[in-house]
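The values are calculated or read from the model by the stated rules, or taken from the named source; none is laboratory data. These figures come from a predicted structure and were not determined experimentally. Quick reminder, even Gly has a Cβ in these numbers, built from the backbone with ideal geometry, and neighbours come from all protein chains shown.
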Amino acid sequence: MAYRLREIPVKEITVWRDAQARRLDREGIAELAKSIKHDGLQNPPMVQKSGPGQYLLMSGQRRLAALKRLRAKKIPALVLTKQSAYDVGDAKAASVVENLHRRGMKSRDMASACAFLAERMPKTRAAQMLGISLPTFKKLHGFAGVPEALKELTPKVISRDDATNLYQAAPSVAKAIKVAEKITKLDAPTRRRYIKAYARSPRSSHKALLKRARATVAQQKVRLELTKGNARKLASKSRKRDVTPDELAGEIVSRWLRSH
């Protein structure tokens, strides 16, 4: 990645609208401002030219906020060269990912980032940018669509994945919250089976659903040995479908069982 160090007027630096909506820790920014005032700016923000007298912030949102707090008019910045510049979609993605990593990757932040990136690129590429597996990306992407009232129950009342599955199964958010409160003390496997039973029969009583959840479950994980040729075909087709080989294998087996 090539860049050059330049002094740029703060007013010419733009932050993505998506980044503007993020909450910055005021106390943390104040401490950072004190550090910069005392020791100087050790790591300049990175920007990309977006037009005449206009620069797009690529990394360093907290540093920029601290410099603004110090009422800086001009700041040193690393300006990406044309050869290293991102296109518009990738620039937004890079900005989101960089700020996300610096903020510790909380589940809600990760979920929002997954939803943001999923609109702009294939899920496999987005997962790679975030440094997570495709199945994890899909789970987080699903969690992004869960209403705030249900998200607030995680992780103390139910898990993130339980919240997603319950939201998809329940006829309303209010009903989902009631179910969540009923199953909070169950162990994780029983909770998952309860939610599956509830999805199939939402009108069943809690007692009936609990009985089904605690019943012996047939073995669900089966190991398959494929020839090298079939393994390559499965990998190729899963990439085209933007799913994992395990997910595609599960679909194939399910279709075969339904037709026999």
### Task
Determine whether Leu186 is modelled with pLDDT of 90 or more, on the phi < 0 side of the Ramachandran plot and assigned to a loop (DSSP other than H, G, I, E, B).
yes
### Task
Kindly indicate whether Thr227 is more than 27 Å from the chain's Cα centre (by Cα), modelled with pLDDT of 90 or more, within 25 Å of Ala249 (Cα to Cα) and not acidic (Asp, Glu).
yes
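Can you find a residue that is under 23 Å from Phe143 (Cα atoms), of a type in the set (S, T, N, Q) and loosely packed, with under 13 Cβ neighbours inside 10 Å anywhere in segment 173-194?
The first filter runs over segment 173-194 and keeps only residues under 23 Å from Phe143 (Cα atoms), leaving 173-194.
Restricting the remaining residues to those that are of a type in the set (S, T, N, Q) gives 184, 190.
With loosely packed, with under 13 Cβ neighbours inside 10 Å added as a condition, the list becomes none.
No, segment 173-194 contains no residue that is under 23 Å from Phe143 (Cα atoms), of a type in the set (S, T, N, Q) and loosely packed, with under 13 Cβ neighbours inside 10 Å.
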### Task
Go through segment 42-83 and give me each residue that's surrounded by fewer than 13 Cβ atoms within 10 Å (Cβ to Cβ) and either of a type in the set (Gly, Ala, Ser) or free of Cβ contacts under 8 Å to residues at least 40 places away in the same chain (or both).
Gln42, Asn43, Gly51, Pro52, Gly53, Arg71, Lys82
## Note on the structure
Reported set for segment 186-214 where residues are over 15 Å from Ala169 (Cα atoms) and of a type in the set (D, E, K, R) is Asp187, Lys207, Lys211, Arg212, Arg214
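Condition test on Leu226, is it without any contact (Cβ under 8 Å) to a residue 40 or more places away in the chain, within 30 Å of Gln128 (Cβ to Cβ) and touching a helix residue (DSSP H, G or I) at 6+ places or on another chain (Cβ under 6 Å)? Working first, answer last.
On the way: without any contact (Cβ under 8 Å) to a residue 40 or more places away in the chain: yes; within 30 Å of Gln128 (Cβ to Cβ): yes; touching a helix residue (DSSP H, G or I) at 6+ places or on another chain (Cβ under 6 Å): no.
No; evaluated as a whole, the condition is false for this residue.
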